[in-house]
Structures are given as structure tokens and as C-alpha cells.
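Working notes for the structure below.
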Amino acid sequence: MLDTTAVVETFNRLLGSAGVITAEHELEPYVSDWWGKSKGSAMCVLRPSNTEEVSAVVKFCAEQQIAIVPQGGNTGLCGGATPDPNNARSIVLSLTRMNRIRALDAYNQTMTVDAGCTLAAIQEAAREADRLFPLSLGSEGTCQIGGNISTNAGGTAVLRYGNMRDLVLGIEAVLPDGTIWNGLRGLRKDNTGYDLKQLFIGGEGTLGIVTGAVLKLFPLPKAHATAWAAFESLDQAPVLLARVRSICAERITSFEVCSRSELDLVYRHIPDTTDPLNGHGDWVAMIELADMQDASALQTLLETAMEAALEEGLVTDVAIAANQSQSEAIWRIRHSVSEANVREGYSVSHDISVPLSSVGQFVTHANSALSELAEGAHTLVVGHAGDGNLHYIVLFPHATWQQFAPNERAQRAASITAIVQQTALALGGSISAEHGIGVAHRDELLAAKPAAEMHMMHAIKKALDPLGIMNPGKLLQPASI
């Protein structure tokens, strides 16, 4: 029987009172997920201030076989940072107090940071050094880089810069026995065996706790140009991207798409958003270019690309931002979709990817297969179509969703998810492009991955975390402690 009082006293000795939260009302934000769909329990929340304190906590938890749920900004969408509601023998380990920019090397184009730094703080530190850290997410003011690393975050600039796997050069992590691994190397070439940092990128905290990272920086673009283009079929998106790329080449930073059904919800629920195209097009692409050359030259290049797309019938209407304010207004539309959806109803959301050439085929097949299950719901699509990542959402208005009995809600959501994921897999896709697995898709992972891959993943988990204390029940298997 675990003596909770004695355990908390030990944590207070290790971290001080500022590092331990036990009051129930203060625990609430840490044990509930961002959506408010799930809630767990923990004996306390620990907030270490440095890597050595993380190590001390993990060593003690390993000795006592206490489960550790690492948590960054708690903005995840798959339950990966929410503790198990049935396991009181667990703690949440929040990296919030570990928020230092440790070093910035402008010539090596790297920044070394604590895992608890918010993405927005990292972006700003890079800008102050006339550099760019390109990861961009709707939650960037809250999400933390450790969570971005642990979920292999993507966002709106993957088309040009890649996801977190491409943006991390080195990692510092605390292993499940408390060992500190210092892999903070800012090298772009290091051919000395296994690339161990990749185990922790996308590992969702199941193999250890990321406490620091060396991030890639890039020259800060001096000019941006943004277009909002209407088209009638998602099958045209890959053709449109190819045409724009043939003119603008590597200057394309983002190629986002939204269905008209999604945009209508944004305009309905989010104040001060207006449609630049007055309702034209069943689909809209948001295209952004960035470059080091002057703004007028980049604007001219985007105008040339859009004129070509209009002449070839790839788009039916185009609005090009004339200034920074108009560009920000377009981006606000794109970043407001989650808020609009929450206001409208209950979302059965999916984060799939397919080959870029198959995005239209995926939506056509999914819409057809879900015609009965989605009756009375909005079918919404928004995503980073330039890299084949679509967020396919079946959204039931609040009143409609409340008409279903609780067991029917769960069954309907599961059936919808199964169809969406099977459609993606049939096209050579993935059930999770950037949100991760967490709890939400853990069981589905078994059907999505070959047995050999699952065997290797379990072998790695067992080798590094034989006690199963690191984020149990997430990604791979049910909680075992």
C-alpha cells in the first residue's frame, strides 16, 4: 500500500513547495485534456525547475513504481498527456517551470532550449536574433516544445521546413531509471550509430522525459505573400500546388485547404472574420510564399502564379493580400477552425494523411461511406494539403448530439473513426499525421501497423522502461502499474 502522504513529503523535499501541487482545484487543469472530453486522477502534480530535479523525481518514482505522466502545455488532442482516471498511483510531471532559452548560435543556426519553453517564446527568441524557427501551430502561445517533440508536431510550414523530426538536432532526456542522457549536439552530420533522439521524437513520453533540445534555425524571411484561392474539387489541389510550385519553387511555405462547410462555421461563430471570396468555391486554398527578396517581387511572383491558375481553370477566384493586415486576417480564418467547431457542436475528429495525389479520392470515399452515420452532421475538412495531412471532421450540432443516448454516441463515434481510418489506410495513408496516438488511437494502432513494427516498438519500450512507469497506457499498451 502506497503511503501517499510520505510520497508527497518526499517530493516536497526534492522540489520544494513551489514544485508540488496537491490541492484538488489546482490539479484540475493538469488532469483534464484540452477538449474537456476526458479527465484523469493523480496524487499530485510535480513542477521541477531543472533537469536534475526531473532526474531525482524519476529515480524515486522508479523505486516506488509510481507512474509518471509527462506534460507540456496540455494542448494535445489524443489524451497522451492526461493521467489514467483509474490509477491513483501516478503523478503528472509538468515541465512548465523549465522555460529557459539556454543558448543561441546564430552562425550554427541553432537554439538550445528547455523543454518547457512555449513555441511562441522560441519563435520570438529566434526573431530577435534575425532567425526563424518555422514550426507554427494554432496553439503556439500555450504548447511547449517538449510536447511538440514528443508528438512530432507538424503544423502549417511542414511543406517547406518539415515536422519536428526535421527540426531537432539534439535532445536531452531523463530515462525511466532517472539517468540523464545529454544528447544536446548541434551537428547536422553525426554518423556514429543509432540516431537515438528519434526514439523520443514522437515517443509521447513513453520512453523518457525530454528536458531540453537543440533546434534548427533558418534565415528570417524578409517578405511574405498570401493568397486565398477558390476551387471546386479537392482533386484539383495537387494540380494547383504543382502549378504554383513550378513558378514559385521553394518559396512556398504553406498550402492549406478548407472545405466551404468549415469556412461557413468560422464566419458564423468567429467575430470579425469575413470571406475574402464572397462564398465562391466549394474549397479554398491558402497559399503563402516567403523569401529573402523584397516584398514587391514576391507579390508579383504570387500574382503570376495565380493568374496562371485562373487561366488554366485550376481556380475560380483569387484574393491576394495587399498588406500584412490582410494576410493576418486570412491566417486568422485558418487558425479559428477549432474554436468555431467547439462552438458549433461535438466533433468526431481525425488526423489522417494520404499521398498528396490521393487527397480528393480520400474525401470522396469517406463522404460516401459515412453518408448514413453522418446524417444530421457537418462534414468538414481542413488541413495541410501540401503534405497530404487532412483533418477530416464529422461535427454534430449540440442539439443533434444530445439526442443520442450515451452508448449510441460512443458507438457512432467509433464507427465513424473506423471508416475514416480504413479509408486512409486503403490509400496507403496513416491514421495519425501529427497529433499522435495517445489513448484515443492506441487500439487502432494495432490494425494500422504491421506486426513486425509493433514487435519492434514493444521491444524498445521494454528495453528502456522495463517497469512500465513512463506514461503507461499511452501509445502502445494498457496501463500495467
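The values are calculated or read from the model by the stated rules, or taken from the named source; none is laboratory data. Keep in mind that this is a model prediction, so the values were computed, not measured. Cβ coordinates were reconstructed from backbone atoms using ideal geometry, including for glycine residues, and neighbour counts include every protein chain displayed.
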Could you tell me which of the residues Asp84, Asp105, Asp3, Asp33 is in contact with a Ser or Thr (Cβ under 7 Å, 6 or more places away or on another chain), acidic (Asp, Glu) and more than 21 Å from Asp465 (Cβ to Cβ)? Asp33
So, in segment 230-256, how many residues would count as being in a strand (DSSP E or B), touching a helix residue (DSSP H, G or I) at 6+ places or on another chain (Cβ under 8 Å) and farther than 16 Å from Val359 by Cβ? 2
Is there a residue being part of a helix (DSSP H, G or I), in contact with a Ser or Thr (Cβ under 9 Å, 6 or more places away or on another chain) and outside the structural domain of Asp264 (by TED's automatic domain parsing) anywhere in segment 402-416? no
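List the strands (runs of 3 or more DSSP E) inside segment 257-355, counting only whole elements, that have at least 1 residues being charged (D, E, K, R), more than 27 Å from Asn367 (Cβ to Cβ) and over 25 Å from the mean Cα position of the chain (by Cα). Before the answer, list the steps.
Numbers: elements: 283-291, 317-320, 345-353.
Correct list: 283-291.
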Among the residues of segment 266-291, write down those that are more than 30 Å from Pro397 (Cβ to Cβ) and either without any contact (Cβ under 8 Å) to a residue 12 or more places away in the chain or not hydrophobic (A, V, I, L, M, F, W, C) (or both). Glu288, Asp291
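A quick yes/no check of all residues on (1) at positive phi; (2) surrounded by fewer than 21 Cβ atoms within 10 Å (Cβ to Cβ); (3) not hydrophobic (A, V, I, L, M, F, W, C):
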| position | (1), (2), (3) |
| --- | --- |
| Ser55 | no, yes, yes |
| Thr82 | no, no, yes |
| Pro85 | no, yes, yes |
| Met98 | no, no, no |
| Ile101 | no, yes, no |
| Thr110 | no, no, yes |
| Val113 | no, no, no |
If you check Ser336, Ser358, Ser327, which single one turns out to be of a type in the set (Ser, Thr, Tyr) and either over 23 Å from Thr273 (Cα atoms) or free of Cβ contacts under 8 Å to residues at least 40 places away in the same chain (or both)? Ser358
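Taking segment 245-265 on its own, how many of its residues are touching a residue at least 40 places away in the same chain (Cβ under 8 Å) and of a type in the set (D, E, K, R)?
Pass one, segment 245-265, residues touching a residue at least 40 places away in the same chain (Cβ under 8 Å): 247-248, 250-259, 261-263, 265.
Still in the running and of a type in the set (D, E, K, R): 250-251, 256, 262.
Here the count works out to 4.
Here are Ile419, Ile393, Ile437, Ile431: which of them is closer than 30 Å to Ala62 by Cβ, among the β-branched types (Val, Ile, Thr) and touching a residue at least 40 places away in the same chain (Cβ under 8 Å)?
Values: Ile419 fails: closer than 30 Å to Ala62 by Cβ; Ile393 fails: closer than 30 Å to Ala62 by Cβ; Ile431 fails: closer than 30 Å to Ala62 by Cβ.
The conditions single out Ile437.
Just need a number here: residues in segment 83-130 that are of a type in the set (D, E, K, R), in a loop (DSSP other than H, G, I, E, B) and either touching a Pro at 6+ places or on another chain (Cβ under 7 Å) or touching a residue at least 60 places away in the same chain (Cβ under 8 Å) (or both). Before the answer, list the steps.
Of the residues in segment 83-130, the ones of a type in the set (D, E, K, R) are 84, 89, 97, 100, 102, 105, 114, 124, 127-128, 130.
Then keep just the ones that are in a loop (DSSP other than H, G, I, E, B); that gives 84, 89, 97, 100, 130.
Pick out the ones that are also either touching a Pro at 6+ places or on another chain (Cβ under 7 Å) or touching a residue at least 60 places away in the same chain (Cβ under 8 Å) (or both) and you get 84, 89, 97, 130.
Of the residues in that region, 4 qualify.
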Residues of segment 109-146 satisfying the condition of being modelled with pLDDT of 95 or more, among the small types (Gly, Ala, Ser) and within 14 Å of Met164 (Cα to Cα): Ala115, Gly146
Residue by residue through segment 292-318, note down the ones that are in contact (Cβ under 8 Å) with a residue 24 or more places away in the chain and in contact with a Ser or Thr (Cβ under 9 Å, 6 or more places away or on another chain). Leu302, Ala305, Ala308
Restricting attention to segment 459-479, and to residues there that are under 22 Å from the mean Cα position of the chain (by Cα) and in a loop (DSSP other than H, G, I, E, B), which single residue is modelled with the lowest pLDDT? Gln477
